[in-house]
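Working notes, beginning with the structure itself.
Rule-based calculations on the coordinates, nothing more; no lab input. The structure displayed is predicted, hence computed values, not measured ones. So basically every Cβ, Gly included, is an ideal-geometry build from the backbone, and we count neighbours across all protein chains shown.
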Amino acid sequence: MFLLFLAPMIGQNPIPAEEQSRSFLIKEVTIHIGNGKEIQDGAVGFRDGKIDFVGSSALSPSGYDEVLNEKGKHLYPGFIAVNSTLGLREIGAVRASRDQQETGSVNPHVRSIIAYNTDSRITPTVRSNGVLMGQIAPQGGLISGSSSIVTFDAWNWEDSVYELDDGIHIQWPSLRKWNWEARKREKNKDYDKEVASLKEFLTRSRAYCRVRDKEIQLREEACCGLFQEDKRLYVRANQANQMISAINMAQDLGIDNLVIVGGYDAHLITDLLKERKVAIMISSVHGLPARPDDDIDHNFKLASILSEAGVLFCLENTRRMTEMNTMNLPFHAGTCIAYGLDKREAISAITLNTAKILGIEERCGSIEIGKDATLFLSEGDALDMRTNNVTRAFIQGRDLDLDNHQKFLYRKFRDKYAQ
């Protein structure tokens, strides 16, 4: 009877970790701080979820409850997955598990966080590669809704929230659309109409937010943070003229916190991006070139080009199978290294740079005193799929269980063939 009771529990998600009650000191590791610096033979101490020591192992203080001697290992800040649908979509073929897109076109009032599923089978696999936080974002339509930033270890969405409703996501109209009947791309005849509709709604929202009468308009109310600099505007755009139009629109409306998601042609407008202080979330490093005459390695080297130009950027991986591929985020950064990006910059592209773009860099994104103890240990280079082996991870000091369904299946069939 006892075995029957346990059977449904086999392969289930690990129980979320308890709040940190014991202080930790991790010694004799290579510390990748996240801000472009490294410490060889370093030590990091943390208690009550906050880092209180970063320095040489030889200078590390005493008084910690648990001392981890991890000689030869690497310590990283937790990687951050942005513009993610992890927890919003579980199985693509099952409609009931697809919550990443709301019906309709203009949905700024839709909050992705309330649909976020902390019990996703995919989340533990992501943590096993060092991805410990994420920005959960809606997709589809013209204005998709608001995103929130979460930690990947919680009982429910309320417990997971790190930054609630951090910004509004817009899908900038495409200049060309796919014609399913003709099986080819054609000019989007409604492009100007769609852009005008978007501008008209945001202009109306700005006017509403200035007066705010007693009757609340949910759609317009959701946009007020954009004009008060409380929220960021995330615009998915890839072509240069799309990005230029989005930047000009934001300036005309007085929206200062603009982030371009995608940015395929960002290398063509680097001067404008720097002048207007617009950050880029580079999509799909492992994706194919968009046009037949583009360089075959365009996606691989875009990060290096933007880095050399002084444009603030981070990496995101929205593509097919976005949720499952979130675990490959560090390897996207590794590919960028092979195509010219400095290794320390690559680490920043999925840690501190990401935190800066999201506006949470004062609390996380690097291993520095006073910041959250969200970090992990790897036996080797975490950006190399051959050596990434996460042995221990902490979110705000909570010691995580790194087991997952994939590891369970590995053990199951390893034992089967060992019999």
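Find the relative contact order for the chain and round it to a whole percent, using C-alpha pairs within less than 8 Å whose residues are 6+ positions apart. Spell out each step's value before the answer.
Numbers: 942 pairs, mean separation 85.8, N = 419.
Taking the mean separation of contacting Cα pairs over the length of the chain, I get 20 percent.
Positive end of the dipole of the chain, charges at C-beta (+1 Lys, Arg; -1 Asp, Glu), about the Cα centre: which of HIS32, LEU142, ILE369 has its Cα farthest in that direction?
LEU142
For the chain, with only Lys/Arg (+1) and Asp/Glu (-1) charged at the beta-carbon, what is the dipole magnitude about the Cα centre, in debye rounded to 20? Before the final figure, lay out the partial values.
Details: 51 positive and 57 negative charges, 239 e Å.
Dipole size: approximately 1140 debye.
Please give me the summed charge of the neighbours of GLN242: other residues whose Cβ is under 10 Å from its Cβ, Lys and Arg +1, Asp and Glu -1. Walk me through the numbers before you get to the answer.
Values: positive: ARG236; negative: ASP265.
Value of the local net charge: 0.
Mind listing the Cα extents of the range 30-168 along all three principal axes, in Å, largest one first?
For the range 30-168, the Cα spread along each principal axis is 60, 26, 25 Å.
If you stretched the chain out fully between GLN40 and LEU409, how much longer would it get, using 0.36 nm times the residue separation minus the C-alpha to C-alpha distance?
Numbers: separation 369, 0.36 × 369 = 132.84 nm, distance 3.65 nm.
Taking GLN40 through LEU409 to full extension adds about 129.2 nm, to one decimal.
Using the Cβ atoms and a cut-off under 10 Å, what net charge is assigned to the surroundings of SER284, where Lys and Arg are +1 and Asp and Glu are -1? Mind dumping the intermediate values first?
Details: positive: ARG319, ARG320; negative: GLU316.
Every neighbour counted, the sum reads +1.
When the C-alpha atoms of the range 11-92 are aligned to their principal axes, what extent does each axis show, in angstrom, from largest down?
Answer, in whole Å and largest first: 51, 31, 22 Å.
Would you mind classifying the range 333-416 by shape? Square roots of the alpha carbon gyration tensor eigenvalues, ordered a ≥ b ≥ c; an a/c under 1.5 is rounded, otherwise it is prolate if a/b is larger than b/c and oblate if not.
Details: a/c = 2.77, a/b = 1.41, b/c = 1.97.
Cα axes put the range 333-416 in the oblate bin.
List, largest first, the extents of the alpha carbons of the chain along their principal axes, each in whole Å.
62, 55, 53
What net charge do the residues around GLY167 carry, taking every other residue with its C-beta under 10 Å from that of GLY167, with Lys and Arg at +1 and Asp and Glu at -1?
On the way: positive: LYS231, ARG232; negative: GLU163, ASP165, ASP166, ASP230.
That sum, taken over residues with Cβ under 10 Å, equals -2.
Which of the aspartates and glutamates could be linked to LYS71 by a straight reach, that is with a Cα gap under 20 Å, when you skip same-chain ones fewer than 8 residues away?
GLU28, GLU38, ASP41, GLU379, ASP381, ASP384, ASP399
Work out the FRET efficiency for ASP294 and GLN251 from their Cβ-Cβ distance, taking R0 = 35 Å, and round it to the nearest 0.05. Walk me through the intermediate numbers first.
Numbers: r = 29 Å, r/R0 = 0.82.
Efficiency computed from Cβ-Cβ geometry: 0.75.
Between ASN179 and VAL211, with labels modelled 7 Å along Cα→Cβ, what's the label distance in nm to one decimal, could you check?
That separation, rounded to one decimal, is 4.5 nm.
Which of the lysines could be linked to LYS199 by a straight reach, that is with a Cα gap under 19 Å, when you skip same-chain ones fewer than 8 residues away?
LYS189, LYS231
Mind telling me which of LYS50, LYS407, LYS199 comes out most flexible in a GNM of the chain, alpha-carbon contacts under 10 Å?
Greatest mean-square fluctuation among the candidates belongs to LYS407.
Less than 17 Å apart at the alpha-carbon level, and either on another chain or at least 8 residues along: which lysines does that give for LYS193?
Here the lysines satisfying the reach criterion relative to LYS193 are LYS177.
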